[in-house]
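Here is the structure we will look at, set down as structure tokens.
Nothing in this text is a laboratory measurement; each read-out follows from the coordinates by a stated rule. All figures in this text were calculated on a predicted structure; none of them were measured in a lab. Because the Cβ atoms are built from the backbone with ideal geometry, glycine has one as well, and the counts that use them run over all protein chains shown.
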Amino acid sequence: MKESDCMLPKKYKNYKSISLISVFDITDIYTVHYFEYDCDYVFKGEKHDFWELLFVDAGAVEVTAEERKVILEKGAIIFHQPNEFHALRAIGKNAPNLIVISFRCDSPNMKMFREKTIQATETEIHALGRLVDEARKSFCLPLSNPLRHRYDAPFGSEQIFKMYLELLLISLYRRLANTPTGISDSAFSSGNGVHIRLMGQITAYLQERVYQNLSVGEICRDNNISKSLLQKIFHEQKGCGVIEYFNRMKIDTAKRLIRENQYTYSQIASMLNYSSYQYFSLQFRKYTRMSPSEYHSSSQYFH
């Protein structure tokens, strides 16, 4: 090419396009749930003509998929293919928390997930959390079938949800196919990799101390982080301040303890270092819109 050709106006250049290849195309969403089950929960089973992804966020469950029975513990993912009968029951002492997303995807690449159980990476767990967060922004609560579009949803939220789910499928496919190129943390988040690693470090720190009371100063000191950066990361990644997040973590722990039926409400309040049962009850209602006893009487609760 002559140097003079580079000076030609764009209208004289011959541009050719290339069609982009889509390996997964999510066309419909049926359910997006975060289930919190009792220790003795049993689901007798169903089958449907679309895919279902199940992720164990806490506890353990025994899953039936046609003739197979598999034990899934924290961090495990299983896919149920269309028209596959599936059932589950809670096992162990810890009440299980599950993410369930059902969707239609007719890509032939979905066959990679048939009869597979997968241990999610930290990046993929982060992606699942973002999926549930985006679902809350996109669809009316509670997230029950049929889903309903939110009139006040942020611009593009449903498309972001679709993109996150497709990106998760690509990440899982690459790992199952032993492809060396993975999906980076930044692909799933507006924050950078350093912020995501700090978030993981601090949330693990908070979880270890969920039965204590913490101040912002203590969190900053123990994690060698400034107050301004700490708050920036939490608002960026979680949409709230660090103490607000810690309070939610305490209530999530209380909900699990209630479902396990080993302690009274007053004992749970004391274990979690609340100043009184009355204050615990107020905080519990603030975050769940139910009293502890109302929550206990509910067999499952949707976030």
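Summary table
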| item | result |
| --- | --- |
| Difference of contour (0.36 nm per residue) and Cα-Cα distance, MET112 to TYR211 | 31.5 nm |
| Interchain or long-range residues, amide H under 5 Å from PHE139's placed H | ARG150 |
| Kirkwood-type radius of the chain, with distances r between different C-alpha atoms, in Å | 21.6 Å |
| For the stretch 193-297: relative contact order, % (alpha-carbon pairs under 8 angstrom, 6 or more apart) | 22 percent |
| Efficiency of FRET from Cβ geometry, ALA204 and ILE18, R₀ 45 Å, rounded to 0.05 | 0.55 |
| Fraction of the pair-distance distribution of the stretch 26-188 above 22 Å, Cα-Cα pairs, percent | 42 percent |
| Under-5 Å amide H pairs with ALA60, H placed in peptide plane, nonlocal only | ILE91 |
| Under Karplus coefficients 6.51, -1.76 and 1.60, residue-wise ³J(HN,Hα) of the stretch 22-35 in Hz, glycine/proline x | 9, 8, 9, 9, 7, 9, 8, 10, 9, 9, 9, 10, 10, 8 |
| Computed label-point distance, nm, for sites ARG197 and TYR263 using a 7 Å Cα→Cβ extension | 3.5 nm |
| Cα-based helix-to-principal-axis angle, 122-138 vs the chain, degrees rounded to 10 | 90 degrees |
| Dipole axis of the chain (+1 Lys, Arg; -1 Asp, Glu on Cβ), positive-most option in GLN201, SER291, GLN262 | GLN201 |
| Sequence-separation-based contact order of the stretch 32-126, relative, with Cα cut under 8 Å and 6+ spacing, percent | 39 percent |
| Point-charge dipole on Cβ atoms (K/R +1, D/E -1) for the stretch 193-297, about Cα centre, debye to 20 | 180 debye |
| Calculated FRET efficiency for the pair TYR30/HIS235, C-beta based, R₀ 35 Å, to 0.05 | 0.65 |
| Simple label model, 7 Å out from Cα along Cβ direction - GLU67 to GLU244, nm | 5.3 nm |
| Relative intensity, log₁₀ I(q)/I(0), of the stretch 193-297 from a Debye sum that treats every alpha carbon as a point, q = 0.14, 0.16, 0.18, 0.22 Å⁻¹ | -0.57, -0.72, -0.86, -1.11 |
| Unit charges on C-beta of K, R, D, E only; dipole of the chain, Debye | 660 debye |
| Contact order normalised by residue count of the chain, Cα under 8 Å, 6+ apart, percent | 18 percent |
| Dipole of the stretch 26-188, positive direction: furthest Cα of TYR34, SER138, ASN83, with charges on the beta-carbon | ASN83 |
